[in-house]
Structures are given as C-alpha cells and as structure tokens.
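Structure, as structure tokens:
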Amino acid sequence: MLLSRNFYNRPTLTVARELIGARLVRILDGVKLVGIITETEAYIGEKDLGCHAKAGLTPRTQVMYGPPGHAYVYFTYGNHWMLNAVTEREGFPAAVLIRAIQPVEGIEIMLKRRSGRDTLGPGKLTQAMGIAKSENGADLTAADSSLRIEAGVYVPDSFVTKGPRVGLYTVPEPWKSKPWRFVVQQPILDLR
C-alpha cells in the first residue's frame with residue numbers, strides 16, 4: 001500500500017520516524033528494486049541551518065517548497081545523489097533524507113550496481129537503486145511512479161535510536177547536534 005500525501009503532510013520529525021520500516025520502491029529498466037528504510041534524517045525549514053532551505057527558495061530547493069510527498073534529489077560532494085521525501089505543508093520547506101536501506105527485492109541488481117558493497121548510506125542507496133537527477137520532483141505517492149514509498153513493517157521504538165544528523169561539520173549549534181536522525185540498529189527483517 002502506497003503512503004498517501006497526508007502521510008507526508010505532517011511534522012517532519014514524525015514522518016522521519018515513521019518512514020523507518022517503510023518500503024522504498026524503484027522501478028529501474030522494468031525491474032522492481034525494493035529496500036526497507038533503516039535510517040532517516042529530518043531537515044526542517046529556513047531556520048534550520050543544516051537544511052538547504054536556509055538559503056531560501058532557489059532552483060535547487062524549489063521542490064522542498066512544493067507539495068508534500070515528492071522526491072527532492074540533489075547532488076553533493078561531487079559524486080553522490082541524495083534522496084529526500086518532502087514533508088509538511090506546501091510553501092514550508094522541509095524534507096526527510098533517506099540515509100540507508102536494507103534491500104529485499106532486486107538484491108542481485110543492487111549488489112551489482114554497488115560492486116557487492118552495502119547500501120548503508122544515502123549515496124550508496126541511490127547508486128544501488130539508480131536514483132539521480134531525473135527523479136527530482138517524482139511523486140512518491142503515485143502508483144505509476146518509478147520511485148515511490150509503500151507501507152512496510154512496523155518497527156517499535158525500542159529498536160530505533162535517535163541522534164545528531166551526519167556530516168554537518170560546518171553547521172553551528174544547536175543545529176549540528178539536533179537529535180533528528182533515526183536509525184534501526186539491527187536488520188529489520190529480524191524484527192518479525
């Protein structure tokens with residue numbers, strides 16, 4: 001079952017936590033690739049100095065200001081694509097970075113695309129699933145979208161840790177240390 005637009009039209013921290021256990025689905029060259037989301041980070045508005053929206057509305061951040069439930073995909077560090085799900089009301093820039101997945105369908109293809117390496121990192125999962133600039137703005141709530149998010153497995157709070165976001169080296173406090181990262185500490189399929 002697809003996650004609805006209303007799922008994303010809520011506080012970003014709620015969405016970030018509830019995306020843990022959801023199924024990230026990518027149709028690539030006619031093949032379905034699926035990974036269970038195991039790590040997320042929240043980025044909330046222009047006041048959040050760790051968020052791209054701190055620069056205001058720009059061509060790069062335009063998708064973040066749009067309707068919730070769309071993909072915000074951007075290029076960073078000169079070689080990595082990052083996938084985010086836009087959250088909250090239209091006009092308020094917020095998103096959840098999908099940081100890691102546990103592959104469950106199309107595993108062989110993802111392993112080949114990653115040369116046998118893991119998908120525990122935002123650039124690693126986009127490489128494994130073939131997510132790039134062309135997916136920026138994709139409707140994650142549309143059944144015919146080549147990139148979407150479906151309901152997955154329930155992950156109890158006792159299996160999820162919260163901590164500071166990763167890689168915000170030059171971001172000042174308190175934004176650098178906000179506990180807006182959610183991580184499952186063991187394989188999700190072991191939780192059943």
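Which count do you get for residues in the range 117-175 that are aromatic (F, W, Y), in a loop (DSSP other than H, G, I, E, B) and touching a Leu at 6+ places or on another chain (Cβ under 9 Å)?
Kept after step one, since they are aromatic (F, W, Y), are these residues of the range 117-175: 154, 159, 169, 175.
Imposing the further condition that a residue be in a loop (DSSP other than H, G, I, E, B) reduces the set to 154, 169.
After this cut, where a residue has to be touching a Leu at 6+ places or on another chain (Cβ under 9 Å) as well, the list is 154.
Going through the range 117-175 one residue at a time, the tally reaches 1.
Counting just the residues of the range 139-158 that are over 13 Å from the mean Cα position of the chain (by Cα) and buried (at least 18 other Cβ atoms within 10 Å of the Cβ), which one comes out farthest from L2 (Cα to Cα)?
Among those that are over 13 Å from the mean Cα position of the chain (by Cα) and buried (at least 18 other Cβ atoms within 10 Å of the Cβ), it is V155.
Can you spot a residue in the range 81-92 that is at pLDDT 95 or above, surrounded by 24 or more Cβ atoms within 10 Å (Cβ to Cβ) and in a helix (DSSP H, G or I)?
no
Tell me, please, whether a residue that is touching a His at 6+ places or on another chain (Cβ under 9 Å), within 18 Å of M129 (Cα to Cα) and not in a loop (DSSP other than H, G, I, E, B) can be found in the range 61-70.
For the range 61-70, residues touching a His at 6+ places or on another chain (Cβ under 9 Å), within 18 Å of M129 (Cα to Cα) and not in a loop (DSSP other than H, G, I, E, B): absent.
Considering the range 95-116 alone, what residues qualify as being more than 18 Å from E39 (Cβ to Cβ) and small (G, A, S)?
Those that are more than 18 Å from E39 (Cβ to Cβ) and small (G, A, S): G106, S115, G116.
Just to be sure I understand, how many residues within the range 67-80 are buried (at least 21 other Cβ atoms within 10 Å of the Cβ) and at negative phi?
4
The values are calculated or read from the model by the stated rules, or taken from the named source; none is laboratory data. Please read these numbers as outputs of a predicted model, since none were measured by experiment. Glycine gets a Cβ as well: all are built from the backbone with ideal geometry, and neighbour counts include every protein chain shown.
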